[in-house]
Amino acid sequence: MFRPALQDGHNRSVSYVRISVTDRCNLRCSYCSAPTFSPHSRAQILSYEEILRLVKVLVGLGVDKVRLTGGEPLVRRHLDSLIARLNDIDGINDISLTTNGVLLEKLAAPLWAAGLRRVNVSLDTLNPLRFKKITGRDYFDRVLGGIKAALAIGFTPVKINIVVMRGVNDDELLAFAELTRKYPIHVRFIEYMPIGSSSVWNPADMVSGDQIIEQISTEIAGLEPVVSEFGGPARLYRLPGAPGKIGVITAMSNHFCDSCNRIRVTADGHLRACLLSDKEFPLREVLRAGGDPEKIAEMVRLAVASKSAEHGLACNSERKCARVMSTIGG
Ligand code: SAM
């Protein structure tokens, strides 16, 4: 299928969209959700029909990869039906999901049946008490059950995303790394980013990718770099003989903006060309004002043209983006 490349002003092609299907979440992670939060009404968030119409236009512009996120995407009912319909769109080559895993044990089978083949689970600690402290909920066992169910069904890869925060969970790097010796999972350590105007983020809380890798390789012998099969921003490593991989995502200390190929759509239908920029384009208005595909495409092109060369947040920056992550979609 011929697809024109959706080009920004810095020689990058956009081929990947992350769509938040809800701003609601069944966890209350302090660094991700706002202290007081009133979720969007059903009328404010994009319907599945609107999401599908949008994706069809995006495919026509060169997008072939979709990730569903949130809030917590699995709290939205019948997500499997959306996935099945996305799968039917000619030109979509890759569908993925980012979830906290709380509902995954129950939903892994219908998601698989709908055609989903890979999944990222966010899990910041392997300690149930700490899990409750970070997330505000006592659901550690459910998440573990979700990861096990995903592995048993055959999702490949199952990635575990850990946001590393100094003094919160940076003493668990080795325990997470050791998981890759036992299971064919990708453990990915993510640098803590300044998101949310009232966020608790402090530069000193961020542990850099280099520090993470140094700590692991000091304690465990033989950590070696590997080349990623799928591209993507993670720098990957493997322990000797391990079926799994270890990755670091260094959005702060060594950003990868020059290879950024993504745009984001919030649950309430705003298009963001950069995770860390508050510039948004009101796609929902266009979708609901007749939804002329050419008008949708025009707004997408405008947003992509506005993509800045870099996110501009150095490690010590005080600037924060106004929305918290749960309302953007990570
Ligand atoms: N509820 C789903 C989940 O937990 O994966 C999807 C949405 S959540 C917003 C997506 C990811 O964003 C999670 O892995 C979360 O840890 C990450 N995240 C949230 N705030 C962050 C921050 N300030 N810096 C880095 N990652 C963050």
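The values are calculated or read from the model by the stated rules, or taken from the named source; none is laboratory data. Remember, it's a predicted structure, so these values are computed and weren't measured experimentally. Cβ atoms come from the backbone with ideal geometry, glycine included; neighbour counts cover every protein chain shown. To get the accessible areas, we keep the full protein, side chains included, count just its heavy atoms, and leave off ligands, DNA and RNA. Shrake-Rupley method; radii C 1.70, N 1.55, O 1.52, S 1.80 Å.
Conditions tested, residue by residue: (1) more than 30 Å from ILE45 (Cβ to Cβ); (2) open to solvent by less than 10 Å² (accessible area, probe 1.4 Å).
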position	(1), (2)
PRO225	yes, no
ARG235	yes, no
LEU239	yes, yes
SER259	yes, no
LEU275	no, no
ASP278	no, no
ALA303	no, yes
SER308	no, no
ARG323	no, no
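If you go through segment 302-322 and pick out every residue that is touching a strand residue (DSSP E or B) at 6+ places or on another chain (Cβ under 7 Å) and either at pLDDT 80 or above or within 26 Å of SER96 (Cα to Cα) (or both), you end up with 4. A single member of LEU223, LEU275, LEU236 is hydrophobic (A, V, I, L, M, F, W, C) and out of contact with any Lys or Arg (no Cβ under 7 Å at 6 or more places or on another chain), and it is LEU223. Here GLU214, GLU172 are screened, and the one residue that is among the acidic types (Asp, Glu), away from the ligand (no atom under 12 Å from the Cβ) and buried (at least 16 other Cβ atoms within 10 Å of the Cβ) is GLU172. Of all residues in segment 1-22, those satisfying the criterion of being of a type outside the set (A, V, I, L, M, F, W, C) and modelled with pLDDT under 95 are ARG3, PRO4, GLN7, ASP8, GLY9, HIS10, ASN11, ARG12, SER13. The strands (runs of 3 or more DSSP E) falling completely within segment 62-164 that include 2 or more residues that are among the hydrophobic types (A, V, I, L, M, F, W, C), within 20 Å of THR22 (Cα to Cα) and at pLDDT 95 or above map to 65-69, 94-99, 118-122. Counting residues in segment 216-239 that are over 27 Å from CYS25 (Cβ atoms), part of a strand (DSSP E or B) and within 19 Å of the chain's Cα centre (by Cα) gives one or more.
Apart from one condition, SER96 fits all of (1) within 15 Å of the ligand (Cβ to nearest atom); (2) in contact with a helix residue (DSSP H, G or I) (Cβ under 7 Å, 6 or more places away or on another chain); the exception is (2). If you filter segment 1-30 down to residues that are in a loop (DSSP other than H, G, I, E, B) and touching a strand residue (DSSP E or B) at 6+ places or on another chain (Cβ under 7 Å), you find that the one that is farthest from GLY330 (Cα to Cα) is ALA5.
Within segment 128-136, is there a residue that is in contact with a Cys (Cβ under 7 Å, 6 or more places away or on another chain) and within 16 Å of the ligand (Cβ to nearest atom)?
yes
Of all residues in segment 229-255, those that are within 21 Å of VAL17 (Cβ to Cβ) and within 16 Å of the ligand (Cβ to nearest atom) have Cβ atoms under 8 Å from Cβ atoms of residues that are of a type in the set (Lys, Arg) and modelled with pLDDT of 95 or more, 6 or more apart or on another chain, in ALA234/ARG188; ILE249/ARG188.
Given the criterion within 29 Å of SER33 (Cα to Cα) and in a loop (DSSP other than H, G, I, E, B), identify the matching residue among ALA242, ALA303, ALA251.
Selected residue: ALA251, the only one of ALA242, ALA303, ALA251 that is within 29 Å of SER33 (Cα to Cα) and in a loop (DSSP other than H, G, I, E, B).
Of the residues making up segment 1-58, just one is free of Cβ contacts under 8 Å to residues at least 60 places away in the same chain, hydrophobic (A, V, I, L, M, F, W, C) and under 19 Å from SER306 (Cα atoms), namely ALA5. Put simply, of ARG85, ARG53, ARG12, ARG76 the only residue that is under 30 Å from LYS132 (Cβ atoms) and of a type in the set (D, E, K, R) is ARG76.
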